[in-house]
Amino acid sequence: MTSMAPARTEPDLSYLLDHTSHVLRTRMSAALGEIGLTARMHCVLVHALEEERTQVRLAEIGDMDKTTMVVTVDALEKAGLAERRPSGTDRRARIIVVTEEGAKVAAKSQEIVDGVHEQALASLPDDERTVLLRALDRLATGHLETPAESPRPARRARQRG
């Protein structure tokens, strides 16, 4: 019996991006887990430290639905790393304020994230690393910036912000 599969004429970009992204996420999860954080918790802490942001805006940045964001902030509050406060500009909104301990943990978690990224990139020669990052940035801010509308949407990737 012969294969009826069509001949591939281009590398499988979807597989390459999906697989490397999956492996990077698992490594990130394991590394952050060593200090008791998830990638979502890290994302909320770091982005809440940058400027005053509402819980809704942080959920958008971290590509979290409302339920996931509530669970994430609950965990941060329970750990004493962040707290919800009323917004000074919108009575209906809540901002996430990082505690002093949360800021220390955020600094440590950023070191971990940077280290995981550096380990991944260290497997490439310097010139290839630069080209890869430039090309991925160009795709993410250009041709692949906006998802296509579809009656069967795919899971969204984390948004820039």
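Annotations
- A Förster distance of 30 Å, applied to the separation of the beta-carbon atoms of E111 and A148, puts the FRET efficiency at 0.25.
- Share of carbon and sulfur in the accessible area of the chain stands at 54%, probe radius 1.4 Å.
- Cα pair distances exceeding 19 angstrom across region 59-113, given as percent: 35 percent
- Excluding ligands, DNA and RNA, the accessible surface per residue across region 2-107 is 66 Å² with a 1.4 Å probe.
- Sequence ranges 113-120, 142-149, ranked by mean other-Cβ count within 10 angstrom, highest first: 113-120, 142-149
- With q set to 0.12, 0.21 Å⁻¹, the log10 of I(q)/I(0) for region 59-161, from the Debye formula over equal scatterers at the Cα positions, is -0.66, -1.17.
- According to the Cα-based calculation, Rg over Rh for region 1-58 is 1.29, with Rh computed by the Kirkwood formula.
- Summed residue charge, Cβ within 10 Å of A120's Cβ, Lys/Arg positive, Asp/Glu negative: +1
- Rounded to the nearest 10 degrees, the angle from helix 13-33 to the longest Cα principal axis of the chain is 30 degrees.
- R84 versus T67: modelled label distance in nm, points set 7 Å from Cα along the beta carbon direction: 1.7 nm
- Cross-link partners of K66 among lysines (Cα-Cα below 23 Å; sequence separation of 8 or more within a chain): K78
- Relative to the longest principal axis of the Cα atoms of the chain, helix 126-141 runs at roughly 70 degrees.
The values are calculated or read from the model by the stated rules, or taken from the named source; none is laboratory data. Just so it is clear, the model here is predicted, and its values are computed rather than measured. Cβ atoms come from the backbone with ideal geometry, glycine included; neighbour counts cover every protein chain shown. Remember, those area values only see protein heavy atoms, side chains included, never the ligands or the DNA or RNA. Shrake-Rupley method; radii C 1.70, N 1.55, O 1.52, S 1.80 Å.
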